[in-house]
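Trainee: Quick one: the structure is below, questions incoming.
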Amino acid sequence: MATAGSRRPARRAQLLALAAFGAVLVFATAAADAANIPCMEDGRFYRNPRPLPHRVWTNGECSKYYLCLDGEVFEFKCSAGLLFDVNRQICDYKMNVDNCDVVAEVVVPRPLLEAAGCGQAQLGCGDRTCLPAEYFCDGSVDCPDGSDEGWCDVDNDPNGSTACDPRSCRLPECFCSRDGTRIPGDLERSQVPQMVVVTFDDAVNTENWDLYTRELFTDEHKNPNGCPIRATFYLSHQYTNYQQVQRLWNEGHEVAVHSITHRGPEDWWSRNATIEDWFDEMVGQANILNHFAGVRMEDIRGMRVPFLRVGWNRQFLMMQEFGFRYDASMVAPFSDPPLWPYTLDHKPPHKCLGAKQRCPSRAYPGIWEMPLNQITTEGYTCAMVDSCPPHLSGEDVYRMLTNNFKRHYNTNRAPYGLYFHTTWFKRPEYLAAFKKFLSDMGKMQDVWFVTNWQAIQWMREPTPTSQINSFEPWGCKPRKFEPNEIACNLPKTCKLTSRILQGERYLNTCGECPEQYPWIRNEFGLDSR
């Protein structure tokens, strides 16, 4: 029989293992003196439950956290300049931590549902409170114990979407397959054009303008029909030059939204953002793009969530209400063959990848999901190209781009997505590798660089390669713009104040300068005094 003394080394080993984990993800070190802190033994880090009220939000108090093992409390502290986020169980920069007053992550009880024995069309909360079935997993807490909203993934939502039914899910409005690998229209692989979708996240400005206009999207790189290749830009607001955005739109690139604030912490988007927050962030950014870049509202069809933190049903309810046509935020587990996009009439054909991710559990008919198929290199998988290992050489990158292309091209020809933040291109050998890849693809008559919306248009109307040169959505017939929709040569540079950002910001636009710097809940920059 083990004694208390013999268990201590095991307990110490467990603590050291947790501390080692924390050193990588939490950036914490252990301290020995926690004599006055009560034990909360659930295997999770927690804060001092009895802090002095005036010290709760101080750096010293908010950087400390504790762990109880076998009745003994151990103290940890974040590295200098970092605070502890109790919900995410990590240390992070101060701007990303907003729960210094929360002692421990709340564990929501599981609802009893039918087991509570409620009446017809009702389900039971964890405490046996009976409520209408539609109240469960609707984004609003109704149970006294919160259990109606605590267990709402695709496997536990009592009002959740159903599995794919190809008999009733038909193009052009609906598309699904059991494992996500089915080719739309059931075309033969040889008749499917290989689509390559290149996207960029965050601001467009002078830092990356030359990359777009002088390096990547030039007359040198064209599709088989002679049209220039185009990309999709997911735009956040701060530091974006809206005259340059307008030029990209005029030239045929797709403009989509990535939020106004791009705020942290990352977990906020998936767990805390309300339906109103989603409207403020995403519809607000669409309004900014329309007002200051002249982009037509009907052309703003897609969105990508910051940090790829999917916002559960709240995000998609907002999309449905506003009229967004697609989302491009869900990272799919690595798959060979890769996954095709699908509509959300049914359950996604893959797991929602990532810690505490919250993919939609309900059906959203007609909304397309453009899943991020991961690429692989040297045993690693990565959704964004710039999240791949940074030690790769230029030759390694070229090989990575080519090998992953072949995984799509030689199997089911699902769209090959290459998703970037432009800082990745600052390494000259990476830019050279990507341009070499572009040149190689330009020699193939069945490879097309398209936007996400163009990929959806093809899926809605699967067109074989023998007819693809006349496929109108991929053509480059000059588009007619109203005079105010054409980007000007000399934009206005507006120097504006921002009370929220507590400083000045510049805004470049072909339109009129606003009175204030546009921001959330004031996207037109009206004077709110």
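The values are calculated or read from the model by the stated rules, or taken from the named source; none is laboratory data. Being a predicted model, the structure only gives us computed values, none of them experimental. Reconstructed Cβ throughout: ideal geometry from the backbone, glycine too, with neighbour counts over all protein chains shown. When the accessible area is computed, the model is the full protein with side chains, heavy atoms only, and any ligands, DNA or RNA have been set aside. Shrake-Rupley method; radii C 1.70, N 1.55, O 1.52, S 1.80 Å.
Trainee: What dipole magnitude, in Debye to the nearest 20, does segment 108-159 give about its Cα centre under +1 on Lys/Arg Cβ and -1 on Asp/Glu Cβ? Write out the running numbers ahead of the final one.
Mentor: On the way: 2 positive and 11 negative charges, 45 e Å.
Result for segment 108-159 is approximately 220 debye, rounded to the nearest 20.
Trainee: Sticking with this one: Suppose every K and R has +1 on its Cβ and every D and E has -1 on its Cβ; what is the size of the dipole of segment 25-107 about the Cα centre, in Debye to the nearest 20? Write out the running numbers ahead of the final one.
Mentor: Numbers: 8 positive and 12 negative charges, 57 e Å.
Magnitude of the dipole: close to 280 debye.
Trainee: Too long at a 18 Å Cα-Cα cut-off: which of Lys443/Lys477; Lys222/Lys436; Lys406/Lys426? Don't jump to the answer; show the numbers that get you there.
Mentor: Values: Lys443/Lys477 23 Å; Lys222/Lys436 14 Å; Lys406/Lys426 26 Å.
The answer is Lys443/Lys477; Lys406/Lys426.
Trainee: Which angle between 0 and 90 degrees, to the nearest 10, do you get for helix 284-293 versus the longest principal axis of the chain when only C-alpha atoms count?
Mentor: Between helix and principal axis, roughly 30 degrees.
Trainee: List the chymotrypsin sites (Phe, Trp or Tyr not before Pro) within segment 230-332 that DSSP assigns to loop and that have no more than 15 neighbouring Cβ atoms inside 10 Å. Don't jump to the answer; show the numbers that get you there.
Mentor: On the way: sites: Phe233, Tyr234, Tyr239, Tyr242, Trp249, Trp268, Trp269, Trp278, Phe279, Phe292, Phe307, Trp312, Phe316, Phe322, Phe324, Tyr326; in loops: Tyr239, Phe324.
Taking segment 230-332 and a limit of 15 other Cβ atoms within 10 Å, the loop chymotrypsin sites (Phe, Trp or Tyr not before Pro) found are Tyr239.
Trainee: As a test, work out the antiparallel percent of DSSP beta bridges whose residues both lie in the chain, rounded to the nearest 5.
Mentor: Antiparallel bridges: around 60 percent, rounded to the nearest 5.
Trainee: Let me ask you something else. Subtract the Cα-Cα distance of Asn36 and Lys480 from 0.36 nm times their separation in residues, and report this length gain in nm to one decimal. Don't skip to the end; give the middle numbers.
Mentor: Details: separation 444, 0.36 × 444 = 159.84 nm, distance 7.23 nm.
Full-extension gain reported as 152.6 nm.
Trainee: Write down the percent of antiparallel bridges among all DSSP beta bridges whose residues are both part of segment 395-529, to the nearest 5. Each step should come with its number before you reach the end.
Mentor: Working: 8 of 8 bridges.
If I count the DSSP bridges inside segment 395-529, around 100 percent turn out antiparallel.
Trainee: Let me check against my output: what whole-number percent is the relative contact order of segment 25-107, with C-alpha pairs under 8 Å and at least 6 apart? Let's see the in-between values first.
Mentor: On the way: 159 pairs, mean separation 28.2, N = 83.
The normalised contact order for segment 25-107 reaches 34 percent.
Trainee: Let me ask something else about it. Note the angle between two axes, namely the Cα long axis of helix 394-409 and the longest principal axis of the Cα atoms of the chain, as a number of degrees from 0 to 90, rounded to the nearest 10.
Mentor: Value to nearest ten degrees: 80.
Trainee: Using a cut-off of 9 Å between beta-carbons, work out the net charge of the residues near Ser147 (Lys and Arg +1, Asp and Glu -1, Ser147 not included).
Mentor: On the way: positive: Arg110; negative: Asp127, Asp145, Asp148, Glu149.
Combined, the nearby Lys, Arg, Asp and Glu give -3.
Trainee: If I fit a long axis through the Cα atoms of helix 312-322 and take the longest principal axis of the Cα atoms of the chain, what angle between them do I get, 0 to 90°, rounded to 10?
Mentor: With both axes taken from Cα atoms, the answer is about 40 degrees.
Trainee: For the chain, what relative contact order do you get, as a whole percent, if you take Cα pairs closer than 8 Å and at least 6 residues apart? Walk me through the numbers on the way to the answer.
Mentor: On the way: 1016 pairs, mean separation 77.9, N = 529.
That works out to 15 percent.
Trainee: Next question, about the same structure. What ³J(HN,Hα) values, in whole Hz, does the Karplus curve 6.51 cos²θ - 1.76 cosθ + 1.60 give for segment 37-43 when θ = phi - 60°, with x put for Gly and Pro?
Mentor: Computed from phi, the couplings for segment 37-43 are 9, x, 7, 10, 8, 9, x Hz.
Trainee: Using a 1.4 angstrom probe on the protein heavy atoms only, line up Lys222, Lys495 by accessible area, largest first.
Mentor: Working: Lys222 95, Lys495 125 Å².
Sorted descending by solvent-accessible area, the residues read Lys495, Lys222.
Trainee: Let me ask something else about it. Give me a comma-separated list of calculated 3J(HN,Hα) values for segment 446-463, in order, Karplus coefficients 6.51, -1.76, 1.60 applied at θ = phi - 60°, integers in Hz, x for any Gly or Pro.
Mentor: Working through the residues one at a time gives 10, 10, 10, 8, 10, 7, 4, 5, 5, 5, 5, 4, 5, 5, 5, 9, x, 10 Hz.
Trainee: At a threshold of 8 angstrom on Cα-Cα distance, excluding pairs fewer than six apart, so keeping six or more, what relative contact order does segment 108-159 reach in percent? Walk me through the numbers on the way to the answer.
Mentor: Numbers: 96 pairs, mean separation 16.8, N = 52.
In percent, rounded to a whole number, it is 32.
Trainee: Need the full-extension length gain, Val103 to Trp209, defined as separation in residues times 0.36 nm minus the C-alpha distance. One decimal, nm.
Mentor: Numbers: separation 106, 0.36 × 106 = 38.16 nm, distance 4.58 nm.
Contour length minus the Cα-Cα distance gives 33.6 nm.
Trainee: For a Förster distance of 30 Å, can you work out the FRET efficiency between the beta-carbons of Asn225 and Ser140, rounded to the nearest 0.05?
Mentor: Numbers: r = 49 Å, r/R0 = 1.65.
Between Asn225 and Ser140 the formula returns 0.05.
Trainee: Any chance you could check the Cα centroid distance between segment 437-508 and segment 264-286 for me, in angstrom?
Mentor: Rounded to whole Å, the Cα centres lie 25 Å apart.
Trainee: Taking N as the number of residues in the chain, what is its Cα Rg relative to 2.2 N^0.38 Å?
Mentor: Details: Rg = 25.6 Å, N = 529, 2.2 N^0.38 = 23.8 Å.
Cα-based Rg divided by the globular estimate yields 1.07.
Trainee: Amide H to amide H under 5 Å from Tyr342: which residues, 5+ apart in sequence or cross-chain, H placed 1.01 Å off N in plane?
Mentor: Those lying under 5 Å, H to H, from Tyr342 are Glu369.
Trainee: At 222 nm, what helix-only mean residue ellipticity would the chain give, in deg cm²/dmol to the nearest 500, using -39500 (n - 2.57) for each DSSP H run of four or more?
Mentor: Theoretical 222 nm ellipticity from helices: -5500 deg cm²/dmol.
Trainee: Moving on to the next point. Taking all pairs of different Cα atoms in segment 188-257, averaging 1/r and flipping that mean, what Kirkwood radius in angstroms comes out?
Mentor: 13.2
Trainee: Only Lys, Arg, Asp and Glu count, each charged at its Cβ (+1, +1, -1, -1), so figure out the dipole size of the chain about its Cα centre, rounded to 20 debye.
Mentor: 980
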